[in-house]
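*Asks:* To start, I am sharing the structure in question, which I have written as structure tokens.
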Amino acid sequence: MSSMRELYQEMIIDHSRSPRNHKKLDHPDLSARGHNPLCGDEIDLEVKRGEDGVLSEIGFEATACAICTASASILTETLKGKSEEDARAIFHRFHSTVTGEVEDPYPSELMKLEVFTGVKDYPSRVKCATLAWHTLIQALDENNGEASTE
Amino acid sequence: MNAGDPMSLNVHEIQKHFPGLNQQVHGHRLVYLDSAATTQKPVAVMEAVDSVYRQDCANVHRGVHTLSERATARFEGVRKVVAGFLGISDSREVIFTRGVTESMNLLANTLCHLDSGFQPGDEILISSLDHHANIVPWQLISEKMGTVLKVIPCDDAGELILSDLDQWISEKTRVVSVGHVSNAIGTVNDIDTIFAEARKVGAITILDAAQSAPHMSISPKEIDCDFLTFSGHKTYGPTGAGVLWGKKELLDRMPPWQGGGDMIRTVSFEESSFAETPWKFEAGTPDIAAVIGLGAALEFLDSMGRDKVCSHETRLLQKIESALKSMDGVNVVGEPSLRACCVSFTLDGVHPHDAATIMDQNGVAIRAGHHCAMPLMKRLGLPATIRASVGMHNDEADVEALLESVEAVREIFA
Ligand SMILES: Cc1ncc(COP(=O)(O)O)c(C=O)c1O
């Protein structure tokens with residue numbers, strides 16, 4: 001069971017039970033819906049931009065598994081106040097870590113993302129960890145769209 | 001299980017037929033509780049498939065050389081095995097398809113042209129417990145033909161509501177196509193009542209037997225339907241072959257579906273004439289080895305005694321259901337009065353997908369998801385469930401392992 005404890009670390013369980021920024025935003029600038037047809041995870045993500053273009057607020061609502069919900073919750077904290085460019089760079093970093101392409105440790109300001117690294121050993125669950133992130137990128141790309149992990 | 005009782009299955013002996021069961025998953029004995037998705041395969045099936053490629057590898061219906069004659073004889077022989085399995089006398093009523101999905105697409109696309117064809121406003125009736133395979137083909141054909149898709153609703157127990165069937169079946173109803181057993185929650189539907197009402201208005205009746213064929217005796221004569229279909233890979237056979245049975249007088253009147261080789265009598269560029277039933281519906285080279293494997297699977301299933309298999313599985317399902325119900329925070333989905341195939345459940349505070357990963361880590365293979373029955377999940381207000389489905393090889397130890405793995409999930413999420 002120890003590998004399960006590693007996959008479902010305290011922080012994941014905590015964020016899945018009490019997701020941060022699990023709310024609708026007033027007058028969001030961007031939004032997108034993500035859907036993982038395999039397990040039925042669904043997420044609506046909204047973004048407000050500050051005057052300088054930074055992602056000043058991110059909110060989401062999800063019906064999803066623990067890994068997906070925790071990942072969305074930690075995303076909202078990690079990317080708050082980041083520029084669009086930084087957000088895309090962090091997405092790439094996160095994506096290549098959970099798919100096992102990159103094994104370097106995260107820089108200290110992204111350390112929270114470390115809890116998802118175990119997901120790389122569960123290929124069917126990688127999509128759960130990345131759904132919120134794909135959804136955010138979709139929102140940035142299209143201003144409004146539907147993201148899918150397919 | 002009481003091995004000495006001639007009326008009960010010797011499960012220990014049966015397990016020896018399934019080499020796939022004899023392995024470790026994440027350091028635990030594999031406990032396979034996903035037969036509703038596809039069954040494990042017995043040695044007899046593997047040997048049948050293997051021998052096709054080793055000795056009788058040839059195309060069917062088109063050679064006079066020895067190998068082709070052998071392959072053809074074995075392939076056509078399976079039609080008789082299927083006829084025996086279904087208790088029908090004319091094996092020309094047996095059409096080989098890839099499975100239920102292909103059978104339903106064949107039926108939707110040919111019945112719509114039968115006789116005067118579907119007219120706009122004609123109705124097709126399915127049920128709210130049905131698999132996408134019995135929903136989407138009728139939706140597609142309805143878009144094309146202007147027919148209206150109607151759905152028999154279900155109650156909170158997961159049973160179809162049949163008290164006001166006349167609301168759903170009328171002179172406009174052309175086809176009534178329903179599943180025998182729900183793959184999502186295990187309800188055995190009262191198809192006798194539904195089909196009796198359908199016959200009164202002369203509607204064509206179709207039974208999706210995907211989840212009943214492996215678990216109980218099914219005979220189209222007793223059921224009194226026009227078509228019946230099942231998938232070989234859920235009845236211990238290989239993937240790639242399934243069966244569509246239909247009444248010959250209907251099949252004869254139906255147009256072919258796909259065109260190509262094997263289904264024709266003569267072809268000129270002006271017109272073609274078609275082979276007879278059933279070959280008219282079997283265009284192109286079929287999955288010969290899979291069909292021959294299917295024959296071996298049905299013989300294997302019959303040799304175990306289908307009534308014994310049924311009562312063994314029913315006992316296991318009752319055990320699973322009552323054990324799950326006695327656990328705190330476990331919710332069994334649906335409470336059908338007759339159950340086969342599976343038990344579906346949810347755990348408080350745990351998404352089924354997380355549960356599936358943890359249970360797999362304990363060697364327990366179950367399915368988490370919507371089970372290709374999204375409308376039903378919506379009706380029940382659930383995004384997904386955990387489904388434990390049984391096969392003839394499952395035993396009490398498997399039930400114990402299932403319950404332990406559920407405990408393991410609850411520990412992680414405690
Ligand atoms: C009730 C039911 N109908 C139809 C199907 C589709 O079967 P296949 O994928 O073999 O065509 C399934 C398979 O899950 C099923 O359970």
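*Asks:* Of everything in the range B:300-323, what is charged (D, E, K, R) and closer than 28 Å to residue B:250 by Cβ? Give them in sequence order.
*Replies:* Across the range B:300-323, the qualifying residues are B:302, B:306.
*Asks:* Which residues, taken from the range B:334-346, are more than 19 Å from residue B:212 (Cβ to Cβ) and either crowded, with 21+ Cβ neighbours inside 10 Å or facing chain A (nearest Cβ under 9 Å) (or both)?
*Replies:* Answer for the range B:334-346, where residues must be more than 19 Å from residue B:212 (Cβ to Cβ) and either crowded, with 21+ Cβ neighbours inside 10 Å or facing chain A (nearest Cβ under 9 Å) (or both): B:345, B:346.
*Asks:* Give the range B:318-339 a look and list any residue that's under 18 Å from residue B:179 (Cβ atoms) and either in contact with a Leu (Cβ under 6 Å, 6 or more places away or on another chain) or among the basic types (Lys, Arg) (or both), or say none.
*Replies:* Listed by number, the list holds a single entry, B:339.
*Asks:* Failed condition for residue B:355, given (1) touching a strand residue (DSSP E or B) at 6+ places or on another chain (Cβ under 9 Å); (2) among the small types (Gly, Ala, Ser); (3) within 16 Å of the ligand (Cβ to nearest atom), with all others met?
*Replies:* Condition (3) is where residue B:355 drops out.
*Asks:* Please count how many residues of the range B:209-248 are more than 14 Å from the ligand (Cβ to nearest atom) and either in a helix (DSSP H, G or I) or within 14 Å of another protein chain (Cβ to nearest Cβ) (or both).
*Replies:* Number satisfying all stated conditions: 5.
*Asks:* Next question. Quick check: anything in the range B:63-70 crowded, with 16+ Cβ neighbours inside 10 Å and touching a residue at least 40 places away in the same chain (Cβ under 8 Å)?
*Replies:* The answer is no, given that none of the residues of the range B:63-70 is crowded, with 16+ Cβ neighbours inside 10 Å and touching a residue at least 40 places away in the same chain (Cβ under 8 Å).
*Asks:* Oh, and also: So which residues in the range A:51-95 are buried (at least 19 other Cβ atoms within 10 Å of the Cβ) and of a type in the set (Gly, Ala, Ser), if there are any at all?
*Replies:* A:59, A:62, A:64, A:66, A:70, A:71, A:72, A:73, A:87
*Asks:* Another question, if that's okay. Quick test for you: out of B:11, B:25, B:49, pick the one residue that is within 22 Å of the chain's Cα centre (by Cα) and at pLDDT 95 or above.
*Replies:* Sole residue among the options that is within 22 Å of the chain's Cα centre (by Cα) and at pLDDT 95 or above: B:49.
*Asks:* What are the residue pairs meeting all of these: first residue in the range B:180-191, first residue acidic (Asp, Glu), second residue in a loop (DSSP other than H, G, I, E, B), Cβ atoms under 7 Å, and 6 or more apart or on different chains?
*Replies:* Note: pairs meeting the criteria are B:190/B:162.
*Asks:* Just the residues that are within 25 Å of the chain's Cα centre (by Cα), within 25 Å of residue B:132 (Cα to Cα) and part of a strand (DSSP E or B), please, taken from the range B:331-365.
*Replies:* B:332, B:339, B:342, B:343, B:344, B:345, B:346, B:365
*Asks:* Suppose we keep only residues that are among the aliphatic types (A, V, I, L, M) and within 16 Å of the ligand (Cβ to nearest atom) within the range B:17-44. Which one would you say is nearest to residue B:363 (Cα to Cα)?
*Replies:* B:33
*Asks:* Moving on to the next point. Which of the residues belonging to the range B:265-319 are part of a helix (DSSP H, G or I) and free of Cβ contacts under 8 Å to residues at least 60 places away in the same chain?
*Replies:* B:280, B:303, B:314, B:315, B:318
*Asks:* Suppose we keep only residues that are more than 10 Å from chain A (Cβ to nearest Cβ) and buried (at least 21 other Cβ atoms within 10 Å of the Cβ) within the range B:372-384. Which one would you say is nearest to residue B:132 (Cα to Cα)?
*Replies:* Residue satisfying both the conditions and the ranking: B:373.
*Asks:* Go through (1) surrounded by fewer than 20 Cβ atoms within 10 Å (Cβ to Cβ); (2) more than 20 Å from the chain's Cα centre (by Cα) and name the single condition residue B:136 misses.
*Replies:* Residue B:136 satisfies all of (1) surrounded by fewer than 20 Cβ atoms within 10 Å (Cβ to Cβ); (2) more than 20 Å from the chain's Cα centre (by Cα) except (2).
*Asks:* Considering (1) within 16 Å of the ligand (Cβ to nearest atom); (2) more than 19 Å from residue B:221 (Cβ to Cβ), say which one residue B:69 fails and leave the rest.
*Replies:* Answer for residue B:69: the failing condition is (1).
*Asks:* Could you please find all residues in the range B:136-155 being touching a residue at least 60 places away in the same chain (Cβ under 8 Å) and more than 16 Å from the ligand (Cβ to nearest atom)?
*Replies:* B:153
*Asks:* Have a look at A:69, A:130 and point out the one that is closer than 18 Å to residue A:12 by Cα, among the β-branched types (Val, Ile, Thr) and in contact with a Ser or Thr (Cβ under 6 Å, 6 or more places away or on another chain).
*Replies:* Going through A:69, A:130 in turn, just one is closer than 18 Å to residue A:12 by Cα, among the β-branched types (Val, Ile, Thr) and in contact with a Ser or Thr (Cβ under 6 Å, 6 or more places away or on another chain): A:69.
*Asks:* Now, a different point. Taking the range B:179-208 as the region of interest, how many residues are more than 16 Å from the ligand (Cβ to nearest atom) and small (Gly, Ala, Ser)?
*Replies:* Looking only at that region, the number is 4.
*Asks:* Give the residues of the range B:119-149 that are closer than 19 Å to residue B:380 by Cα and acidic (Asp, Glu), sorted by residue number.
*Replies:* Passing the criteria: only B:130.
*Asks:* Given the residues B:92, B:74, which is the only one that is farther than 30 Å from residue B:344 by Cα, in contact (Cβ under 8 Å) with a residue 40 or more places away in the chain and crowded, with 17+ Cβ neighbours inside 10 Å?
*Replies:* Of the residues listed, the single one that is farther than 30 Å from residue B:344 by Cα, in contact (Cβ under 8 Å) with a residue 40 or more places away in the chain and crowded, with 17+ Cβ neighbours inside 10 Å is B:74.
*Asks:* Given the structure, is residue B:52 away from the ligand (no atom under 16 Å from the Cβ), of a type outside the set (Phe, Trp, Tyr) and outside any helix (DSSP H, G or I)?
*Replies:* It is false that residue B:52 is away from the ligand (no atom under 16 Å from the Cβ), of a type outside the set (Phe, Trp, Tyr) and outside any helix (DSSP H, G or I).
*Asks:* Condition (residue is among the hydroxyl-bearing types (Ser, Thr, Tyr) and away from every other protein chain (no Cβ under 14 Å)) applied to the range A:18-33: is it met by at least one residue?
*Replies:* yes
*Asks:* Does residue B:368 meet the test of being at the interface with chain A (Cβ under 8 Å from one of its Cβ atoms), within 16 Å of the ligand (Cβ to nearest atom) and assigned to a strand (DSSP E or B)?
*Replies:* Here the answer is yes, as residue B:368 does meet what is asked.
*Asks:* Checking the condition free of Cβ contacts under 8 Å to residues at least 40 places away in the same chain, touching a Ser or Thr at 6+ places or on another chain (Cβ under 9 Å) and within 14 Å of chain B (Cβ to nearest Cβ), which residue from A:81, A:118, A:40 passes?
*Replies:* Matching residue, one of A:81, A:118, A:40: A:40.
*Asks:* Condition test on residue B:360, is it surrounded by fewer than 24 Cβ atoms within 10 Å (Cβ to Cβ), away from chain A (no Cβ under 11 Å) and within 24 Å of residue A:13 (Cβ to Cβ)?
*Replies:* Here the answer is no, as residue B:360 does not meet what is asked.
*Asks:* Considering only residues that are within 16 Å of the ligand (Cβ to nearest atom), in a helix (DSSP H, G or I) and either on the phi > 0 side of the Ramachandran plot or more than 14 Å from every other protein chain (Cβ to nearest Cβ) (or both), which ones fall in the range B:83-135?
*Replies:* B:100, B:101, B:102, B:103, B:104, B:105, B:106, B:107, B:108, B:109, B:133, B:134
The values are calculated or read from the model by the stated rules, or taken from the named source; none is laboratory data. If you're wondering where the values come from, they're calculated on a predicted model, not measured in any experiment. All Cβ positions, glycine included, derive from the backbone under ideal geometry; neighbour counts span all protein chains shown.
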